[in-house]
Amino acid sequence: MKISTLIKASSQVCASVIKPLYGHTSESTAYLVEDYPYSFKLRTQIRYWLEYKPNKGWRFVAQTLNPKTQRWNKPKASTYAEWGGAMYLNEQDHVKWDGLQRYSDPENFMAFLKNFPKADMTMIKKVVPGKIKLYQDLIDGKRVLTVNNKPQERSEREIESDKKELAAWEEIAKHVH
């Protein structure tokens, strides 16, 4: 992967993020949409926020107001993204979210950093040095992959791939700090 690839749109958000939404972290600070469809004929309110729990991460939560009783329905929550999360409005002014987790690739990290510069970077700052160390150790032969307790020798192609990954994570580190 080229460094220029990192700056291009991620598969999920880069091209569709119009306005990042910050500070919506609970029911009381939620982003409120006044006119939201409810069943086939009714309209109501919906509120969105990002919930954070230590050792779990961030998750997107939505909750509608029952227009018949004027009571909030049970909140609906997504799965957790361990390393970062942010909400945004897309081109249709719909509230969406993006998150980073252990399987996010460098392109997703770079897009997240570009799209959400004011997001909480606490976990990302902890993860990136570990990624850099992993790829440096793989390149230097200090760390090996094992299959059935047998160390696997790295091919030239795999080492070149590791070098590209290392360069990508080093570029990300520049944007995080």
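Data for the structure
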quantity: Selection within region 124-165 - over 19 Å from residue 83 (Cβ atoms) and either in contact with a Pro (Cβ under 8 Å, 6 or more places away or on another chain) or of a type in the set (A, V, I, L, M, F, W, C) (or both); calculated: 138, 139, 144, 145, 147, 159
quantity: Failed criterion for residue 40 (all others in (1) modelled with pLDDT under 95; (2) closer than 30 Å to residue 166 by Cα hold); calculated: (2)
quantity: Residue that is free of Cβ contacts under 8 Å to residues at least 40 places away in the same chain and not hydroxyl-bearing (Ser, Thr, Tyr), where the choices are 165, 156; calculated: 156
quantity: Matching residues, region 22-54, being assigned to a loop (DSSP other than H, G, I, E, B), more than 19 Å from the chain's Cα centre (by Cα) and farther than 14 Å from residue 76 by Cβ; calculated: 28, 29, 39, 40, 41
quantity: Selection count, region 55-83, where residues are assigned to a loop (DSSP other than H, G, I, E, B) and of a type in the set (A, V, I, L, M, F, W, C); calculated: 1
quantity: Residue list for region 84-134, restricted to those being within 17 Å of residue 51 (Cα to Cα), outside any helix (DSSP H, G or I), among the aliphatic types (A, V, I, L, M) and in contact (Cβ under 8 Å) with a residue 60 or more places away in the chain; calculated: 86, 87, 95, 119
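The values are calculated or read from the model by the stated rules, or taken from the named source; none is laboratory data. What you are looking at is a predicted structure, and each value in this text was computed from that prediction instead of being measured. Don't worry about glycine lacking a Cβ; one is built from the backbone with ideal geometry, like all the others, and counts go over all protein chains shown.
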